[in-house]
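*Asks:* After the structure tokens below, expect a handful of questions from me.
The values are calculated or read from the model by the stated rules, or taken from the named source; none is laboratory data. Quick caveat: nothing in here was measured; it's all calculated off a predicted structure. Please note: Cβ atoms are built from the backbone with ideal geometry, for glycine as well, and neighbour counts cover all protein chains shown.
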There are 2 protein chains.
Amino acid sequence: MIHPIRSLVCLALALGASTSLQAQTPDATIARYRDVADQIIRTAQADSSAYDRLGRLVDGFGHRLSGSPSLERAIDWVLAEMTRDGLENPRTEPVMVPHWVRGNESAELISPRRAPLTMLGLGGSVGTPKAGVTAQVLVVSTFEELEARKAEAKGRIVLFDAPFTNYRETVAYRRTGPVAAAKAGAIACLIRSVTPFSIRSAHTGSTRYDSTVTRIPAAALTVEDAMMLHRMQDRGERVVVRLSIGALTLPDAPSRNVMAEIVGRERPDEVVVLGGHIDSWDVGQGAMDDGGGVVAAWEAVRLMRRLGLRPRRTVRVVGWTNEENGTRGGLAYRDARGAEVDRHVLAMESDEGTFAPVGFGFGGGPEGLAIVREVGKLLASIGADSVAEGGGEADIGPLMERGVPGLSLLVDPTRYFWYHHTQGDTLDKLDPAELARCVAAMAVMAYVVADVPEQLPRR
Amino acid sequence: MIHPIRSLVCLALALGASTSLQAQTPDATIARYRDVADQIIRTAQADSSAYDRLGRLVDGFGHRLSGSPSLERAIDWVLAEMTRDGLENPRTEPVMVPHWVRGNESAELISPRRAPLTMLGLGGSVGTPKAGVTAQVLVVSTFEELEARKAEAKGRIVLFDAPFTNYRETVAYRRTGPVAAAKAGAIACLIRSVTPFSIRSAHTGSTRYDSTVTRIPAAALTVEDAMMLHRMQDRGERVVVRLSIGALTLPDAPSRNVMAEIVGRERPDEVVVLGGHIDSWDVGQGAMDDGGGVVAAWEAVRLMRRLGLRPRRTVRVVGWTNEENGTRGGLAYRDARGAEVDRHVLAMESDEGTFAPVGFGFGGGPEGLAIVREVGKLLASIGADSVAEGGGEADIGPLMERGVPGLSLLVDPTRYFWYHHTQGDTLDKLDPAELARCVAAMAVMAYVVADVPEQLPRR
């Protein structure tokens, strides 16, 4: 089922434009994909296998931290299923990944009264001595407040009780809080979980050390507990906490990227790659982050195959490994490609949840943006036709650095950070109909971009 | 600051009505309380001491299960603070309460894969043997489904995976699920937590045994885990769980109701009583359930005193003990009163959270309802002027059974059951401005009903 269209670039040139394709968007040309897009959308919505498959992945294997047997078992299963789906060239590619293990961990309020605190060690944290560390807590709201109260931090546990503004801003405390606290002489670092909403839910995630200061143990408290400790300090009470973290960093472990294709009918060496990450944090089920992303991309490609669609270029679905604590999968995918990177036409990832899709974020030039916006229009019937400037996700970042245009699937963002990196990232948070629309959106975008005669301009 | 008004009943009689006061509501008469009501509302909203006080209660003492030292310490503190407030006749009255202790507990999925399950034993549950009980799980959605599959329940752990419809309906599985499961031959009972929303949050609460069948251990799983086990069963997988509950029921323990008053200036023996329950489940902080209710009622009375308001009748604030697992406080309050129960004009309780108040639910006759609706109109400026037919809470139930009209404070119900009986019932769930409006609503209602010449008709 092939839809010949005139070359977009030729069309633009014919119209006498070269720098701004937007003014001459090839409406009519891309609009010829309307029927096939509608067929993809209808079929995706009539099919509940994406949600079923995601359920079998996350219920069957649970969470999938890099280095864990459950991740490797899940990858084996994905490979077997991709083969069963009849996708072409199903395979894995080796990736060495960090191997951090949580171990037993706890936090307890010792003064002004004894009470257990709900926590999760931050990914990559060093452990404490077996008996834990016990110290008075200094609660601050910001890096600036720590700087101003530096003299009080020495020998203490510093708690950053930073209210959530947006992820990009607030996650700074998780990423660099432990280094800032160590520089001030603290013996351990706590952060308030990075979330706008909590039911005593601790949120883990990576932290980073640097080589200039001692690596101190680091954990996230719940919003509730962080606020309580802050109130206690504000009342003039002496806040003492015992923190125990049994985490270990073991030697790097073998893992794999898993992938399969529909080989292009005319230009098999040109590739549209789409996917999500198959690893997760070691809490919840990694259903939203990012089981849904992997499955949506995978189902998009399976759907093309089922509809007998073989686009001009190769479409490849990848489950990248180790996005959460290393991005080694995304790096290894690029490094294994060599010159093939230059023949990647588009890299698309879903890693912001598979809630109701609203469209895409595009990381590329204005000409590419104009084309992707035209393709986006084919998704108006499912409300996924908005294409914003700026896009990219961790696993496609290494390709984008080399000039490959990138697309992020954008979805209703309301609740993503409520569940992100918590025990509550489970299948029930997603909706089968919304997931099916994510499949449709990724399938239409990937198919059309893989099929149009001219490739998207590089970044 | 006294507002003489004509007797409502006399007014009604003068208008020639006796059965339906509603048609001749004494608008003008109750409207004379407009100024004092506005003053109460303004003062409550300008004053943040309710939230501060609630913070000192719940941060200072934590949760407050019947029989726990923290409950008794909290009661001592409330008594001391009521005395410091200058309220009259501050005192406690003895109540013997059930003494159930949770102990260590856990649940683990054994098949089809091993994974910890998040759970809370139900209040009153018996314990398991120390090694726990391990058995195949039979998941059902309803009592009817259990009845239909009774033959499969013998020797198993029955899980009621009942989706939340409304609290009254769904809580039936928590209250009577273990008895139904035991009747079917199950060795333990699990329920899905009674909530419309979860971030892997387990919800505890009382269960009931009966004398005809074995008492089997009972616990709530999270919504997430219950749904996962259900999906596994639906896929034909054999679901095996190990459940361990270390709970014990000890002999009844001494506790107390705590109370204080503003003695009425004309009819001190007639009483408007208002309050909430000072006990809580042994999770979270019991901030929403029901620290906020106790504090709102208490602050309402403190506010009257601060404004120099001494109504015609006595206004008494009570922190009832043991609402959660016995209602012994409400019973003891009534039983200790003797004939004074008949001189209780109104019993008001806040136990549905202290979110944005919308008004009251009234349990009493139509004449009383008409009067309370008039008083409600004085709360229009804070949106708390809706008075619904039907009202009552657990602690005022024993008074209402004896004919005392009852009022429930009604609030925005959106999130109450998200946090109810979980580790997430903490101070931050409440808003200082909303709590202040609850104080205002309770104060205006209590003051006017205590001050009007004629008492509310009895039920």
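*Asks:* For the stretch B:325-375, give me the residue count where each residue is surrounded by 24 or more Cβ atoms within 10 Å (Cβ to Cβ), under 19 Å from B:Glu401 (Cα atoms) and of a type in the set (S, T, N, Q).
*Replies:* 1
*Asks:* Among the residues of the stretch A:392-407, is any under 21 Å from A:Arg34 (Cβ atoms) and at pLDDT 95 or above?
*Replies:* yes
*Asks:* Pull up the stretch A:180-200, narrow it to residues that are among the basic types (Lys, Arg) and within 16 Å of A:Met119 (Cβ to Cβ), then point me to the one that is surrounded by the fewest Cβ atoms within 10 Å (Cβ to Cβ).
*Replies:* For the stretch A:180-200, the residue satisfying everything is A:Arg200.
*Asks:* Among the residues of the stretch A:310-324, is any farther than 16 Å from A:Tyr33 by Cβ and surrounded by fewer than 24 Cβ atoms within 10 Å (Cβ to Cβ)?
*Replies:* The answer is no, given that none of the residues of the stretch A:310-324 is farther than 16 Å from A:Tyr33 by Cβ and surrounded by fewer than 24 Cβ atoms within 10 Å (Cβ to Cβ).
*Asks:* Keeping to the stretch B:50-79, report how many residues are out of contact with any helix residue (DSSP H, G or I) (no Cβ under 7 Å at 6 or more places or on another chain), more than 11 Å from chain A (Cβ to nearest Cβ) and either more than 14 Å from B:Arg256 (Cα to Cα) or crowded, with 18+ Cβ neighbours inside 10 Å (or both).
*Replies:* 8
*Asks:* Pick out, from the stretch B:214-277, the strands (runs of 3 or more DSSP E) lying fully within it that include 1 or more residues that are touching a Pro at 6+ places or on another chain (Cβ under 6 Å).
*Replies:* Strands (runs of 3 or more DSSP E) meeting the threshold: B:218-221, B:240-245, B:248-262.
*Asks:* Right, another one. Confirm whether B:Leu435 is more than 14 Å from chain A (Cβ to nearest Cβ) and within 19 Å of B:Val36 (Cβ to Cβ). Don't jump to the end; show me each part of the working.
*Replies:* Numbers: more than 14 Å from chain A (Cβ to nearest Cβ): yes; within 19 Å of B:Val36 (Cβ to Cβ): no.
Spelling it out, it is not the case that B:Leu435 is more than 14 Å from chain A (Cβ to nearest Cβ) and within 19 Å of B:Val36 (Cβ to Cβ).
*Asks:* Output yes when any residue across the stretch B:389-409 is in contact (Cβ under 8 Å) with a residue 12 or more places away in the chain, in the same structural domain as B:Ser48 (by TED's automatic domain parsing), closer than 21 Å to B:Arg312 by Cα and among the charged types (D, E, K, R), and no when none is.
*Replies:* For the stretch B:389-409, residues in contact (Cβ under 8 Å) with a residue 12 or more places away in the chain, in the same structural domain as B:Ser48 (by TED's automatic domain parsing), closer than 21 Å to B:Arg312 by Cα and among the charged types (D, E, K, R): absent.
*Asks:* Go through the stretch A:10-60 and report how many residues are at pLDDT below 75, part of a helix (DSSP H, G or I) and of a type outside the set (A, V, I, L, M).
*Replies:* Looking only at that region, the number is 4.
*Asks:* Of everything in the stretch A:105-149, what is buried (at least 16 other Cβ atoms within 10 Å of the Cβ) and of a type in the set (D, E, K, R)? Give them in sequence order.
*Replies:* A:Glu105, A:Glu108
*Asks:* Suppose the filter is in contact with a His (Cβ under 7 Å, 6 or more places away or on another chain), at pLDDT 95 or above and either at negative phi or not assigned by TED's automatic domain parsing to the domain that holds A:Glu270 (or both); does A:Asp351 pass it?
*Replies:* Criteria met by A:Asp351.
*Asks:* Which residues, counting only those in the stretch B:157-213, are in contact with a strand residue (DSSP E or B) (Cβ under 9 Å, 6 or more places away or on another chain) and of a type in the set (Lys, Arg)?
*Replies:* Residues satisfying the conditions are B:Arg174, B:Arg175, B:Arg192.
*Asks:* Got at least one residue in the stretch A:425-444 being polar (S, T, N, Q) and crowded, with 24+ Cβ neighbours inside 10 Å?
*Replies:* Restricting attention to the stretch A:425-444, the residues satisfying the condition of being polar (S, T, N, Q) are A:426.
Those left that are additionally crowded, with 24+ Cβ neighbours inside 10 Å: A:426.
Taking every residue of the stretch A:425-444 in turn, at least one turns out to be polar (S, T, N, Q) and crowded, with 24+ Cβ neighbours inside 10 Å.
*Asks:* Additional query: Exactly one condition in (1) more than 16 Å from the chain's Cα centre (by Cα); (2) in the same structural domain as A:Leu331 (by TED's automatic domain parsing); (3) surrounded by fewer than 23 Cβ atoms within 10 Å (Cβ to Cβ) is false for A:Arg459; which is it?
*Replies:* (2)
*Asks:* Still on this structure: Given the structure, is A:Arg208 part of a loop (DSSP other than H, G, I, E, B), more than 14 Å from chain B (Cβ to nearest Cβ) and at pLDDT 95 or above?
*Replies:* yes
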